[in-house]
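Here's the structure, in structure tokens; my notes come after.
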Amino acid sequence: MTDTVIVLFSRDLRVHDHPALAAACEHARHVVPLFVADPSVPGGDRRGFLAECLADLRESLRERGGELIVRRGDPIAETMRLARETGARAVHVSMDVSTLARRRQRRLAEECERARTAFHMFPGLTIVPPDALRPSGGGDHYRVFTPYWRAWARQLRREVLKAPGVVRVPDGVWAGRPPEPGRASHELFRGGETVGRRRMRQWLKHCVDDYADGHDDMAGNRTSRLSPYLRFGCVSPLELEALAREVGGVGEGEGGGAEEFVRQLCWRDFFYQVTRAFPRINRDDYRPRGHEWRDDDHAAQAWKEGMTGVPIVDAGMRQLLSEGWMHNRARMIVGSFLVRRLGVDWRVGADHFFDLLLDGDVANNYGNWQWVAGTGNDTRPNRPVNHIRQAKRYDPEGEYVRRHVPELGTVPTRMIHEPWRLPSGVPGYPAPLVAMD
């Protein structure tokens, strides 16, 4: 049995179904749960949410006799410093796929080898590990979703792990101060595993059956809103899938809403395995197709502020500004408007989303943006999107628009989605940037 193991937390801020933590608690006398706040990585609007996640994780560890050790600086240097202080002989981490994460993992592995300290990576960020599936025809990853979905659905799952009963931290280790929140978390989302698990259980119990019919209802609150908790690892995606299958009867015939929800979880895994194979997904076209983008700062700024003059687009962008979240259908509409109507580079929009979304991560944010832009995994890169038809179909009464664009609150339903039919001189509302059909 190893005497002391460090578990370096990053985007896995939970105690339930945490393979790296569970293995450390099972095989070591002492465990040092560590989070390193890296000042070189901007937190943006996520800092408040992260601070709440860390406070909740610390409390969960304390309930088990442990502690969350917090340090500030370079994660590799701080981890190795703490390993020397505690005499730790192993470091455990959860595997991640972004360029930054893989660079850190590589550096940490090298430093551990130099110090003769064992280094182990564990699953947990996804349901199926990003390196587990290969196309039968060759290649290092699936480029198209449907065959990946079939292979993913057949793949055996690891066991969902219980939270450790006891976490024994060595005596004399200074706990450290948690990061300052900077600004308060958004009202609609409080960070932490406790809140995330409560939301998960309630949504699966009361709402998942309606997911297939309701997840595109832009005015209704019919999606899970679990994505921020998945992004920070407050909720285990594997446990979420297992519970959804159990509640919805997926695999026992028609799964209904639960099956559609599980399919969305598969999309998340899909983009992680794409990003593992193509780590520059946030900068380079996955499939270059010779796009020529317009350099239009005025149009891009109007889009960011929700002042394009197209109500459904402005509603989505203002929801992002106020909530740090956006309805999934709105994400598709506003993204398509930026790249296909305004002709602005997808990276402008993707970077803006990444800065503001509580659930913004490299794989899913940039993977989805490349899909919308026609440079990614979509097999129909030039598929048309009629933004007005989308608005009328998924916000038929205009409730979503009125909620987020209050200056249009009194506009009749028959014209709420049609910029050219809006009453002239709506106070504070601009004329449309481009003609809409």
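For the structure I just gave you, tell me whether Asp3 is surrounded by fewer than 21 Cβ atoms within 10 Å (Cβ to Cβ) and touching a Lys or Arg at 6+ places or on another chain (Cβ under 7 Å). Yes. Considered as a group, the residues in region 72-109 that are in contact (Cβ under 8 Å) with a residue 60 or more places away in the chain, of a type in the set (S, T, N, Q) and in a helix (DSSP H, G or I) include one that is surrounded by the fewest Cβ atoms within 10 Å (Cβ to Cβ), and that residue is Thr99. Thr413 satisfies every condition listed in (1) touching an Asp or Glu at 6+ places or on another chain (Cβ under 8 Å); (2) in contact (Cβ under 8 Å) with a residue 60 or more places away in the chain except (2). Every listed requirement among (1) surrounded by 16 or more Cβ atoms within 10 Å (Cβ to Cβ); (2) farther than 27 Å from Phe354 by Cβ is met by Asp171 save one, (1). Condition check for Gly257 on (1) at pLDDT 95 or above; (2) over 23 Å from Ala132 (Cα atoms); (3) in a helix (DSSP H, G or I): one failure, at (1).
Among the residues of this structure, Asp269 counts as one that is of a type in the set (Asp, Glu), surrounded by 24 or more Cβ atoms within 10 Å (Cβ to Cβ), at pLDDT 95 or above and more than 25 Å from Pro384 (Cα to Cα). Going through (1) acidic (Asp, Glu); (2) crowded, with 17+ Cβ neighbours inside 10 Å; (3) under 24 Å from Glu399 (Cβ atoms) one by one, Asp285 falls short only on (3). Could you tell me which of the residues Asp17, Asp12 is in the same structural domain as Ser94 (by TED's automatic domain parsing), at positive phi, in contact (Cβ under 8 Å) with a residue 60 or more places away in the chain and not polar (S, T, N, Q)? Unique residue meeting the criteria: Asp17. The set of residues in region 110-122 that are outside any strand (DSSP E or B) and surrounded by fewer than 18 Cβ atoms within 10 Å (Cβ to Cβ) comprises Glu110, Glu111, Glu113, Arg114, Ala115, Arg116. Would you mind stating whether Thr86 is in contact with a Pro (Cβ under 6 Å, 6 or more places away or on another chain) and of a type outside the set (A, V, I, L, M, F, W, C)? The answer is yes for Thr86.
One residue stands out among those in region 408-428 that are in a loop (DSSP other than H, G, I, E, B) and touching a Gly at 6+ places or on another chain (Cβ under 7 Å): the one that is nearest to Asn386 (Cα to Cα), which is His417. Residue check: Lys392 meets all listed conditions (1) modelled with pLDDT of 95 or more; (2) in a loop (DSSP other than H, G, I, E, B); (3) of a type in the set (Lys, Arg) but one, namely (2).
The condition of being of a type in the set (S, T, N, Q) and either outside any loop (DSSP other than H, G, I, E, B) or touching a Gly at 6+ places or on another chain (Cβ under 9 Å) (or both) holds for Thr275.
Filtering Leu422, Leu358 for residues that are on the phi < 0 side of the Ramachandran plot and touching a Pro at 6+ places or on another chain (Cβ under 7 Å) leaves a single hit, Leu358. A residue that is in a helix (DSSP H, G or I) and under 21 Å from Ala363 (Cβ atoms) occurs somewhere in region 242-250. The condition (being modelled with pLDDT of 95 or more, in a loop (DSSP other than H, G, I, E, B) and touching a Phe, Trp or Tyr at 6+ places or on another chain (Cβ under 6 Å)) is satisfied by just one residue among Gly191, Gly165: Gly191. Among residues belonging to region 1-40 that are in a loop (DSSP other than H, G, I, E, B) and of a type in the set (Lys, Arg), point out the one that is farthest from Glu159 (Cα to Cα). Looking at the filtered set, the residue picked out is Arg11.
Just one of the numbered conditions (1) assigned to a helix (DSSP H, G or I); (2) surrounded by fewer than 18 Cβ atoms within 10 Å (Cβ to Cβ) is not true of Gly220: (1). Taken over region 45-71, the criterion of being outside any helix (DSSP H, G or I) and of a type in the set (D, E, K, R) is satisfied by Arg64, Glu67, Arg71.
Please determine whether any residue of region 331-341 is closer than 30 Å to Gly48 by Cα, over 21 Å from the mean Cα position of the chain (by Cα) and surrounded by fewer than 22 Cβ atoms within 10 Å (Cβ to Cβ). Checking region 331-341: not a single residue is closer than 30 Å to Gly48 by Cα, over 21 Å from the mean Cα position of the chain (by Cα) and surrounded by fewer than 22 Cβ atoms within 10 Å (Cβ to Cβ).
For region 370-383, give me each residue that is without any contact (Cβ under 8 Å) to a residue 40 or more places away in the chain and not in a helix (DSSP H, G or I). Selection gives Asp378, Arg380, Asn382, Arg383. Of all the residues in region 388-415, those that are crowded, with 21+ Cβ neighbours inside 10 Å and either within 27 Å of the chain's Cα centre (by Cα) or under 18 Å from Arg341 (Cβ atoms) (or both) number 6.
If you go through region 25-43 one residue at a time, do you hit one that is surrounded by fewer than 18 Cβ atoms within 10 Å (Cβ to Cβ), under 19 Å from the mean Cα position of the chain (by Cα) and assigned by TED's automatic domain parsing to the domain that holds Leu82? Checking region 25-43: at least one residue is surrounded by fewer than 18 Cβ atoms within 10 Å (Cβ to Cβ), under 19 Å from the mean Cα position of the chain (by Cα) and assigned by TED's automatic domain parsing to the domain that holds Leu82.
The values are calculated or read from the model by the stated rules, or taken from the named source; none is laboratory data. Keep in mind it's a predicted model, so treat the numbers as computed, not measured. Note that each Cβ is placed from the backbone with ideal geometry, even for glycine, and that neighbours are counted across all protein chains shown.
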